[in-house]
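The values are calculated or read from the model by the stated rules, or taken from the named source; none is laboratory data. Source: prediction; values computed, not measured. FYI the Cβ positions are ideal-geometry reconstructions off the backbone, even for glycines, and counts take in every protein chain you see. Ligands, DNA and RNA are excluded from the accessible area calculation, which covers all protein heavy atoms including side chains. Shrake-Rupley method; radii C 1.70, N 1.55, O 1.52, S 1.80 Å.
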Amino acid sequence: MALKLGDTAPEFTADTTHGELSFHEYIEGSWAILFSHPNDYTPVCTTELGAVGKFLPEFEKRGVKVIALSCNDVESHKGWIADIESYTPGAKVSYPIVADPTRELAVKFGMLDPDEIDGKGIPLTARAVYIFGPDKKLKLSILYPATTGRNFHEVLRVIDSLQLTANYSVATPVNWNQGDKCMVVPSLSNEAAKEKFPKGFETVEVPSGKSYIRLTPQPNVK
Ligand code: BEZ
């Protein structure tokens, strides 16, 4: 069964490149990202883990704990890290990689890609991204097939959006980027919005006459 938004992160204990680890203990009280991989020593995965290694300061800045998962054992992961760091200069894979050689966790999280089959006829693990809030609830999931590498600029962008919603009750419009205007969430009345947003908000006029498009400057930007 795939995880649904709002579900609590499944707890698991697994071998990782940082030793045995309890997922709940690892993410306790923090935002967290878990991202999965089909296999060690594969080209697309090598580029992705390197990109995340380079972006670690960006995840840290946002208070996000990072953890990867790939369907091989820890010895394989450790050997592979040298290739990843060599392919992406400046990358440090200092975050844990979970070993899931039996794909037990991939099944538990609903991460399998039925279109990509290994030599034994077993579906590969897809490229899943799960972002959990400090309450351990799933805030976002993205599932890519094994053949499409993820865009970690986009992952950072959605973390910024999720954290703005959690902290300031704003939503982010299409193609939003840092510093752009945000939108007052529909559940907030005009009265509540006036109190909540000292910088104010503008209501965009539309043919229906309804006042549902309300823009406000990004709250955490001076
Ligand atoms: C890759 O990482 O390059 C890859 C892995 C599994 C299937 C296809 C591509």
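One table, with the values for the structure above:
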| item | result |
| --- | --- |
| Cross-chain or 6+ apart pairs with Cβ under 7 Å, the range 63-89 first and more than 17 Å from Ile33 (Cβ to Cβ), then outside any helix (DSSP H, G or I) and of a type in the set (D, E, K, R) | Cys71/Asp100; Cys71/Arg103; Asn72/Asp40; Val74/Asp15; Ser76/Asp40; His77/Asp40; Trp80/Asp40; Glu85/Lys92 |
| Residue selected from the range 4-63 under the condition closer than 17 Å to Lys92 by Cβ and in a loop (DSSP other than H, G, I, E, B), by the criterion farthest from the ligand (Cβ to nearest atom) | His18 |
| Residue match in the range 140-152 (condition: touching a His at 6+ places or on another chain (Cβ under 9 Å) and under 14 Å from Ser36 (Cα atoms)) | yes |
| Selected residue (criterion: nearest to the ligand (Cβ to nearest atom)) from residues of the range 138-162 that are under 27 Å from Val221 (Cα atoms) and among the charged types (D, E, K, R) | Glu154 |
| Which listed residue, of Glu191, Glu154, Glu205, is within 17 Å of the chain's Cα centre (by Cα) and without any contact (Cβ under 8 Å) to a residue 12 or more places away in the chain | Glu154 |
| Residue within the range 73-82 that is open to solvent by 60 Å² or more (accessible area, probe 1.4 Å) and on the phi > 0 side of the Ramachandran plot present | no |
